[in-house]
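Contents: one structure, followed by commentary.
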Amino acid sequence: MAGVLDDAEISRVLCFTAHPDDVDFAAAGTVAHWTEAGIEVVYCVVTDGDAGGFDEEFPRAEMPAVRRAEQVAAAKCVGVQDVRFLGYPDGRVEATLELRRDLARVIRQVRPDRVLCPSPERSYARIGIGRPDHRAVGSAALDAVYPDARNPFAFPELRERESLAAWVVREVWIAGGPDPNHYVDVTATFPRKIAALRAHESQTGHLEDLPERLQGRLALMGRQAGLPEGRLAEGFRVLDTA
Ligand SMILES: [Zn+2]
């Protein structure tokens, strides 16, 4: 098992995701535990998910506003009030210097003890979770944690023009990667995770069997975690970045 920081040592967590709903599929049960423990959690969503959805009749121009509102509503279901959007185009995110600087800026603004982000790695077992936007955000987020946010000489404009001092993130939790090394028992918060996912109506409205499918997936992770039969878990790769 990874040497994971005690939640009692954590004041703030910053969650980077590529699209609205990513954090809810990957980690909403864990986020609910964090907020219940009094930890402040902030979401930073890189795109508006404007290429998402299943209804071809739905006017695309309205999708960004709809998806932002859905993510804000989903966040409330698990105790998160602060949701920030960077407005990058959905489906075309690359791990550029500009994205690294934008993520480093948010790290310096929020000053989190722990960052949660998608995996920069492709999963051959589940191709759907390693989409290009996810990998790009994961890669840029890790670079933003180490070294950009902590190096006062990286992106000097953040310090000189925006008075944003360097900040050291102590721990990173990678969601959706190929090799989790830490699991959180989310059996108790599973209903809140489902409520958060249901808030993404444009994405999950047609998935009648969503709770059953998710329960099966999280139960499998519970078995991988060595939890008693029937317990549900979310899995992460935890990195010490202190
Ligand atoms: Zn996504």
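In table form, for the structure just shown:
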item	result
Tally, over segment 201-216, of residues that are within 25 Å of ALA37 (Cα to Cα) and either crowded, with 18+ Cβ neighbours inside 10 Å or basic (Lys, Arg) (or both)	1
Helices (runs of 4 or more DSSP H) (entirely within segment 186-240) containing at least 1 residues that are of a type in the set (A, V, I, L, M)	190-199, 210-224
Residues located in segment 5-15, provided they are crowded, with 18+ Cβ neighbours inside 10 Å and either touching a Leu at 6+ places or on another chain (Cβ under 6 Å) or of a type in the set (Ser, Thr, Tyr) (or both)	CYS15
Unmet requirement for GLU70, which otherwise passes all of (1) within 14 Å of the ligand (Cβ to nearest atom); (2) assigned to a helix (DSSP H, G or I); (3) under 26 Å from THR241 (Cβ atoms)	(3)
Sole exception among (1) buried (at least 17 other Cβ atoms within 10 Å of the Cβ); (2) touching a residue at least 60 places away in the same chain (Cβ under 8 Å); (3) farther than 21 Å from GLY130 by Cα for ARG237, by number	(3)
Hits in segment 2-59 - residues which are within 16 Å of the ligand (Cβ to nearest atom), over 22 Å from GLY235 (Cβ atoms) and small (Gly, Ala, Ser)	GLY49, ALA51, GLY52, GLY53
Selection count where residues are small (Gly, Ala, Ser) and within 25 Å of ALA74 (Cα to Cα), scope segment 84-103	2
Segment 35-75: number of residues that are surrounded by fewer than 22 Cβ atoms within 10 Å (Cβ to Cβ) and under 21 Å from ARG114 (Cβ atoms)	7
Count of residues meeting criterion [small (Gly, Ala, Ser), out of contact with any helix residue (DSSP H, G or I) (no Cβ under 8 Å at 6 or more places or on another chain) and surrounded by 14 or more Cβ atoms within 10 Å (Cβ to Cβ)] in segment 117-174	3
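Okay, residues lined up against (1) touching a Gly at 6+ places or on another chain (Cβ under 9 Å); (2) more than 16 Å from the ligand (Cβ to nearest atom); (3) in a strand (DSSP E or B):
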| position | (1), (2), (3) |
| --- | --- |
| LEU116 | no, no, yes |
| ALA125 | no, yes, no |
| VAL137 | no, no, no |
| PRO147 | no, yes, no |
| GLU162 | no, yes, no |
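Coordinate-derived values only; no laboratory data. What you are looking at is a predicted structure, and each value in this text was computed from that prediction instead of being measured. As a convention, Cβ positions derive from the backbone with ideal geometry for all residues, glycine included, and neighbour counts pool all protein chains shown.
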